[in-house]
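A short worksheet on the structure shown next.
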Ligand code: C2E
Ligand code: MG
Ligand code: MG
Ligand code: MG
């Protein structure tokens, strides 16, 4: 009956069981209206070169500012938007907004930087993603090379055959593809051979294990070697300390991202970050003697 359906749904979709059903319904209807009410925005977190500290990429991270709920983080609503079947329209907004912002940065003279956009499972497998992306690129006079799409392993493994086909089509547009949170999902080594991707983003849990002794260092070293042998670029996420920075550089990691360099920034702060020449970690990078 309706009541048990409701309870089943409640358990499945909502991890915080303390909310009442009424509160959940209100939250869902607010989410449904968030796009129309222009409550979404994007923050941008830089990815910097491990060689020279230059900003290579800015990852777009969605934020939801609601009059009553305040600032809602993606972990609280992306999955819900998927189950509600509205992720495609939110995702299309993200793609367009990120492309629009990149074209502004291009106009400001930042010609080398690209943007990375996170994709959810449904976006990759179900919706008209190529058309959405091509339309956004065209609208903002960008080419496929200007953007990167991040997909988690679990998404790819839901339907690997179809994922391979879809990724191949995106790569034909010149778009860079990366596997997000690499190492936390279930992808087999075999799939890495056939997945058309350009980069792996090593999950931050491995980066955090670097300093903890144990086998953390070996695991990071192995992941980085694997990427190199497969001709993939490797990005470390969640870099928070200078020690992690030094070790990741030593291990030959290509790109770095994390609070050490910058937290997710508003458009204004990201623009200042791009303009600003003062980057405290670059002194660490320039003094190679310290960790070679
Ligand atoms: P992600 O793509 O793996 O993004 C990295 C997350 O880790 C971000 O959280 C970022 O703020 C956080 N982070 C980055 N560096 C550090 C660090 O040094 N320390 C710590 N403690 N955290 C760090 P955020 O912005 O809350 O995003 C969470 C997840 O939500 C993202 O994980 C991504 O999977 C998803 N997401 C964000 N924006 C979108 C979007 O537009 N579309 C879709 N489908 N998913 C999105
Ligand atoms: Mg990501
Ligand atoms: Mg990630
Ligand atoms: Mg993550």
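Values quoted throughout were computed directly from the atomic coordinates according to the rules given, and no laboratory measurement underlies them. Please read these numbers as outputs of a predicted model, since none were measured by experiment. Neighbour counts are summed over all protein chains in view; Cβ atoms, including those assigned to glycine, are modelled from backbone coordinates with ideal geometry.
Kindly work out what percent of the DSSP beta bridges joining two residues of the chain are antiparallel, to the nearest 5. Spell out each step's value before the answer.
Details: 15 of 37 bridges.
Looking only at bridges with both residues in the chain, the antiparallel portion is about 40 percent.
Enter the angle in degrees (range 0 to 90, nearest 10) between the Cα long axis of helix 2-13 and the first principal axis of the Cα atoms of the chain, meaning the one along which they spread out most.
10 degrees
For residue 36 and residue 130, what is the calculated FRET efficiency with R₀ set at 25 Å and r taken between the beta-carbons, to the nearest 0.05?
My answer for the efficiency is 0.45.
Taking the chain as a Gaussian network, Cα atoms linked when under 10 Å apart, which of 147, 219, 234 shows the biggest mean-square fluctuation?
Its mean-square fluctuation being the largest, the pick is 219.
If I model a spin label as a point 7 Å beyond the Cα along the Cα-Cβ vector, how far apart are those points for residue 250 and residue 79 in nm?
Going by the 7 Å Cα→Cβ label model, 3.7 nm.
Can you give the helix-only mean residue ellipticity at 222 nm for the chain, where every DSSP H stretch with n ≥ 4 adds -39500 (n - 2.57) and the sum goes over all residues, rounded to the nearest 500 deg cm²/dmol? Don't skip to the answer; put the middle values down first.
On the way: 14 runs with 142 residues, N = 292.
Mean residue ellipticity, 222 nm, calculated: -14500 deg cm²/dmol.
On full extension of the chain, what length is gained from residue 111 through residue 229, given 0.36 nm per residue of separation minus the C-alpha to C-alpha distance?
So the chain would gain 39.5 nm between residue 111 and residue 229.
According to a simple spin-label model (label point 7 Å from Cα along Cα-to-Cβ), what is the distance in nm between residue 157 and residue 263?
That separation, rounded to one decimal, is 3.2 nm.
Need the full-extension length gain, residue 222 to residue 205, defined as separation in residues times 0.36 nm minus the C-alpha distance. One decimal, nm.
Gain on stretching residue 222 to residue 205: 4.6 nm.
How big is D for the chain, in µm² s⁻¹ as a whole number, if Stokes-Einstein is applied with the Kirkwood radius of its Cα pairs at 20 °C and 1.002 mPa s?
On the way: Rh = 20.3 Å.
Taking Rh from Cα pairs, D becomes 106 µm²/s.
Order of 140, 66 from fewest to most other C-beta atoms within 10 Å?
66, 140
Output the 0 to 90 degree angle, nearest 10, between the alpha-carbon long axis of helix 129-139 and the longest principal axis computed from the alpha carbons of the chain.
Rounded to the nearest ten degrees, it is 70.
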